[in-house]
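**Q** Sharing a structure here in structure tokens format.
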Amino acid sequence: MPVYRDEGIIIRTHKLGEVDRILTILTRRHGQIRAVAKGVRKTSSRFGARLEPFMVADLQLYEGRNLDTVSQVEQLASYGAEIVADYQLYTIGNAILEAAERLTRETASESHYLLLIGALRTLAQNEKPAPQVLDSYLLRSLALAGWVPDLDQCHLCQNAPISFSTHTGAVSCSSCELPGAVRLGSPGLELMRALLAGDWDTVSRAEDQTKEAVGNVVSTYLQWQLERGLRSLRFLERSE
């Protein structure tokens, strides 16, 4: 049975039997994997507490036919305590993990791993506005998955855009507006560009109304591309 080692972020857990647990893990080099952690629900487990959502670990695994098996764990970072202690951070953190799971099921690169770990670290530090951490993560992870929004010029005439289409990811001016496009205006599209680029100085200058409108558009854009909504978004707490 082949053995391999990798870093991984625990993004979901499920109970299995009386004492085991199935983990969904986004790894640095092997993409998204599912693995069994045997005996981790026992009080005597050596590494059960290291295999919870929001945790980063160095893992040794045995490769299996359907599920791999965790044999060794060394904790590298834990963001769970800070995130779980605050309801807003918790709802947003769960939305980030659910989006990560959905967007990396088929293909994932090291960039997906680094983006997720950066988002969780930023969320746990609570130094940047949590709703915009989510929006930035969603836009950037969608771009990595191939759905790169085109935010610079009108898709037809190259004029300055004012609207964003959650169906196509394209922007348009008032003359070329796409059906169903949302009018965010220049401030909204500037905020989307800043979120996609990680330009937090620009993000911090945006008005609350603009942030709320962009947050709704980003969530809608994600759900349109995934063809099914995220359950976590129903419980999202965006208020500051």
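**Q** Just tell me which lysines come within less than 20 Å, Cα to Cα, of LYS15; anything on the same chain fewer than 8 places away is out.
**A** Of all the lysines, those that pass the test against LYS15 - Cα under 20 Å, at least 8 places apart if same chain - are LYS38, LYS42.
**Q** Quick one: order ASP201, ASP58 from most to least accessible surface, probe 1.4 Å. Present the calculation step by step, with values, prior to reporting the outcome.
**A** Values: ASP201 110, ASP58 35 Å².
Ranking ASP201, ASP58 by accessible area, largest first, yields ASP201, ASP58.
**Q** A further question on this structure: Within the stretch 122-240, what whole-number % of the accessible surface is contributed by carbon and sulfur, with the 1.4 Å probe and all protein chains included in the calculation?
**A** 45
**Q** Order the following by accessible area, largest value first: GLU227, GLU52. Probe radius 1.4 Å; ligands, DNA and RNA are ignored.
**A** Most to least solvent-accessible, the answer reads GLU227, GLU52.
**Q** Can you order the peptides 83-89, 115-121, 129-135 by their average number of other Cβ atoms within 10 Å per residue, highest first?
**A** 129-135, 115-121, 83-89
**Q** Top to bottom by accessible area (1.4 Å), largest first, where do ARG102, ARG231, ARG12 land?
**A** Solvent-accessible surface, decreasing: ARG231, ARG12, ARG102.
**Q** Using Cα pairs under 8 angstrom and six or more residues apart, how large is the relative contact order of the stretch 134-240, in percent?
**A** 24
**Q** Which option, [x] 15; [y] 19; [z] 26, is the value of percent of Cα pairs over 32 Å apart that was calculated from these coordinates?
**A** So the calculated entry is the one marked [z].
**Q** By how many degrees, between 0 and 90 and to the nearest 10, does the Cα long axis of helix 87-103 differ from the longest principal axis of the chain?
**A** The answer is roughly 90 degrees.
**Q** Now for a different question. What accessible surface, in Å², does a 1.4 Å probe find on PHE54, ignoring ligands, DNA and RNA and rounding to the nearest 10?
**A** Per-residue accessible area (PHE54): approximately 10 Å².
**Q** Find the relative contact order for the stretch 77-202 and round it to a whole percent, using C-alpha pairs within less than 8 Å whose residues are 6+ positions apart.
**A** Answer for the stretch 77-202 is 18 percent.
**Q** If you don't mind, another one. Using the Karplus curve 6.51 cos²θ - 1.76 cosθ + 1.60 with θ = phi - 60°, what ³J(HN,Hα) values do you get for each residue of the stretch 204-219, in whole Hz, with x for Gly and Pro?
**A** Karplus values, whole Hz, x for Gly and Pro: 5, 8, 5, 6, 4, 4, 5, 4, 5, 5, 5, x, 5, 5, 5, 4.
**Q** Can you list the aspartates and glutamates whose alpha carbon sits under 16 Å from that of LYS211, skipping same-chain ones fewer than 8 residues off?
**A** By straight Cα distance, LYS211 reaches ASP135, GLU190, ASP199, ASP201, GLU237, GLU240.
**Q** Karplus couplings for the stretch 153-164 from phi (6.51 cos²θ - 1.76 cosθ + 1.60, θ = phi - 60°), rounded to Hz, Gly and Pro as x?
**A** 9, 3, 5, 10, 10, 6, 6, 5, x, 9, 10, 10
**Q** Given a 1.4 Å probe and the protein chains all in place, what does the accessible area of LEU67 round to, in Å² to the nearest 10?
**A** Ignoring ligands and nucleic acids, LEU67 comes out at about 50 Å².
**Q** Compute the relative contact order of the chain as a whole-number percentage, counting only Cα pairs closer than 8 Å that sit 6 or more residues apart in sequence.
**A** 15
The values are calculated or read from the model by the stated rules, or taken from the named source; none is laboratory data. Just so it is clear, the structure is predicted and the values come from calculations on it, not from any experiment. Here the Cβ is made from the backbone with ideal geometry for all residues, glycine too, and neighbour counts use every protein chain on show. Note: areas computed on protein heavy atoms with side chains; ligands, DNA, RNA excluded. Shrake-Rupley method; radii C 1.70, N 1.55, O 1.52, S 1.80 Å.
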